[in-house]
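What follows is one structure encoded as structure tokens, with my remarks underneath.
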Amino acid sequence: MERPNNSLKDVLCAKGFKSTKGREIILKELETRGEHFNAENLYSGLSQKRQRVSKPTIYRTLKLLEKLRLIERFDIKKNCFYYEPLSHRGEHGHLICEECGKIVDFSTGDFGVIKSAIVKEKDFTLGYISIRAFGLCQSCLKAMKTPGGET
């Protein structure tokens, strides 16, 4: 994940938070991740790289980063939260499979039209728009239509 001038570590320090070894390992990992992730993915990825960070440290750090609006949390209704660095935001939404939990980014091409309509109609200042659409991904839909999975 690329931040224009500041690393995540710099942002945390600027906001008065300590730079612990565990946080540094997590922040370094997040700066290189490009996909959506959950705490378990993050823990597994760090473990595979032989980076020792406890699960409680991961959960606390994710909560802090969310509070500081450096990551966004998604409830995909699978008893698990997924996250995305806000520096990846751009103008896109998310398609979330209700069966397997897969998250796919999409772009309508012009979120400006949506923003303008909301601002004009509701007299509201927007920071950003977050669109999440729930349904079935192609793989799950195909699996449901195969023999034994007929619906």
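Under the convention that each Lys and Arg Cβ holds +1 and each Asp and Glu Cβ holds -1, the size of the dipole of segment 29-115 around its Cα centre is about 560 debye. Can you tell me, using C-alpha contacts under 8 Å and at least 6 residues apart, the relative contact order of segment 90-151 as a whole percent? Reported as a whole number, the value is 39 percent. Taken about its Cα centre, the chain carries a charge dipole of about 800 debye when Lys and Arg each add +1 at the Cβ and Asp and Glu each add -1 at the Cβ. Shape summary: segment 1-88 maps onto an equivalent ellipsoid whose semi-axes, from the alpha-carbon gyration tensor, are 19, 16, 13 Å in decreasing order.
Given R₀ = 22 Å, FRET efficiency for Val11-Glu40 by Cβ-Cβ distance, to 0.05?
Calculated transfer efficiency: 0.35.
If you run the Gaussian network model on the chain, springs between alpha carbon atoms under 10 Å, then out of Arg50, Arg69, Arg33 the most flexible one is Arg50. The calculated pair-distance distribution of segment 90-151 uses every alpha carbon pair, bins of 5 angstrom beginning at 0, and gives 4, 16, 19, 15, 14, 10, 9, 6, 5, 2, 0 percent. Straight-distance candidates among the lysines for linking to Lys145, with alpha-carbon spacing under 25 Å and chain neighbours fewer than 8 residues away dropped: Lys77, Lys78, Lys102.
For the chain, the relative contact order is 17 percent, taking Cα pairs closer than 8 Å that sit 6 or more residues apart in sequence and dividing their mean separation by the residue count.
Every number in this text was worked out from the coordinates using simple rules, so none of it is lab data. Values in this document were obtained by computation on a predicted structure and should not be read as measured data. Methodologically, a virtual Cβ is constructed for each residue, glycine included, from the backbone with ideal geometry; neighbour enumeration extends over all protein chains shown.
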